[in-house]
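The values are calculated or read from the model by the stated rules, or taken from the named source; none is laboratory data. This one's a predicted model, so the numbers in the text were calculated from it and none came from an experiment. Positions of Cβ are backbone-derived with ideal geometry, glycine not excepted, and every protein chain shown enters the neighbour counts.
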Amino acid sequence: MKILIIDDGNKGNLIQSLGLAKNFLNSEIDIISFRFKGFNYFLYGGRGKYSLIPKFFNILCFLNLYKIGYSILYKNMDKKQKEIIKRDYDFIINTGSYLSAISMIISKIKRAKYIQIMLPSFIPIKKIDFLIIPYHDFLRLKKKKLKNLIITNGSLNPFTKKELEEEAKILENYIGKKYKKIIGILIGGNDQNYKIDVAWCEKFIEQLEKLKNKYDIILTTSKRTDFNVIGFLKEKLNKFENLKYFEIPYETKISHYKGILGLSDIILVTEDSINMIFESLSVGKPVIVIGVKRKKKKLIFDYTIEKLVRENFITYIPYEKIYTFEKEILNSNKGKELNEAIKCVQKILERLN
């Protein structure tokens, strides 16, 4: 299968696209990146800046003006982009809404099947060949009986068990031989729905101290983690003799994120990141999702978390009961592996046949 991935510069989106593409047998994958200048708008918190130019392609796409859109796009491509785009492909894959119109335009001109992961922006959903969306996005749809729809429990990721085991060995060589069981901790950050502040960290660290003599700790924050939170974690965790590894995306030169997933015996992950939750589930280890502060009492993502709890993939501890996670860790059972990308590929191939 020859596959072209449309890259919008969002690492999380690229990970999901690769997660799907790599699970097609004998896949040949190209990646074409688009960056636009001009008038910009910002996502929550000012950490994401996006050009308004793709919105123009949304209009062309909605009006079925694919040739005009492709012509404008091609004229503004550099040499490398033109070299990639002249090839033939079986599938065009895009994740996220930002470049969904551009992805549809390319797929129509190249006569390739268009796979859109996550809900698109202002383009006709019926014209997408395969729309892959998580359960919480499915609940938002007005029309739920679409033939092109594939519903997942959550996000897709490209990590294989073998790859994570290999990365675990690299991390173990870096931090030293493993003598105790290891808790891997993945801490997210603030967005329009969730808040992780120093007050939350104080409660979290208080519970973590109770496990000092039983487990070693390896931990990573995310790019969304507040700098005050990072400073607090540095100060407090510096006193933990069982802290074996601490990764901060803006400061750590070489990431061992996959190694953390592979080396951990139990994984604690904050609820604000659906991506990190599903990446944790790819290893088949016990996963405990920790609640954080919220800006709304009930969120659409809760339905996905509740579904994972019902199907025994995760244990969920709400923020109000954060004091119970020591008990949950000590009583944790065997993990349950979940790979949504493989299921999606199977459904796509079944429908094509």
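Looking across the stretch 116-171, the residues that are closer than 25 Å to Ile267 by Cβ and charged (D, E, K, R) come down to Asp137, Lys161, Lys162, Glu163, Glu165, Glu166, Glu167, Lys169. Only one entry in Thr270, Thr324 is of a type in the set (Ser, Thr, Tyr) and within 21 Å of the chain's Cα centre (by Cα), namely Thr270. Of all residues in the stretch 295-339, those satisfying the criterion of being part of a loop (DSSP other than H, G, I, E, B), closer than 20 Å to Asp191 by Cα and not β-branched (Val, Ile, Thr) are Lys295, Lys296, Lys297, Lys298, Leu299, Pro318. From the residues in the stretch 327-353 that are exposed (fewer than 12 other Cβ atoms within 10 Å of the Cβ) and touching a residue at least 24 places away in the same chain (Cβ under 8 Å), which one is farthest from the chain's Cα centre (by Cα)? Filtering the stretch 327-353 for residues that are exposed (fewer than 12 other Cβ atoms within 10 Å of the Cβ) and touching a residue at least 24 places away in the same chain (Cβ under 8 Å), the one farthest from the chain's Cα centre (by Cα) comes out as Leu352.
Only residues that are touching a helix residue (DSSP H, G or I) at 6+ places or on another chain (Cβ under 7 Å), more than 19 Å from Ile288 (Cβ to Cβ), surrounded by fewer than 17 Cβ atoms within 10 Å (Cβ to Cβ) and in contact (Cβ under 8 Å) with a residue 60 or more places away in the chain were counted across the stretch 173-205, and they come to 4.
Set side by side, the residues Ile115, Ile105, Ile92, Ile109 differ, and just one is buried (at least 21 other Cβ atoms within 10 Å of the Cβ), in a helix (DSSP H, G or I) and touching a Phe, Trp or Tyr at 6+ places or on another chain (Cβ under 7 Å), which is Ile105.
Please specify each residue of the stretch 119-146 satisfying the condition of being at pLDDT 90 or above, surrounded by fewer than 19 Cβ atoms within 10 Å (Cβ to Cβ) and assigned to a loop (DSSP other than H, G, I, E, B). Result: Leu119, Asp129.
Among the residues making up the stretch 257-283, none is among the polar types (S, T, N, Q) and touching a His at 6+ places or on another chain (Cβ under 9 Å).
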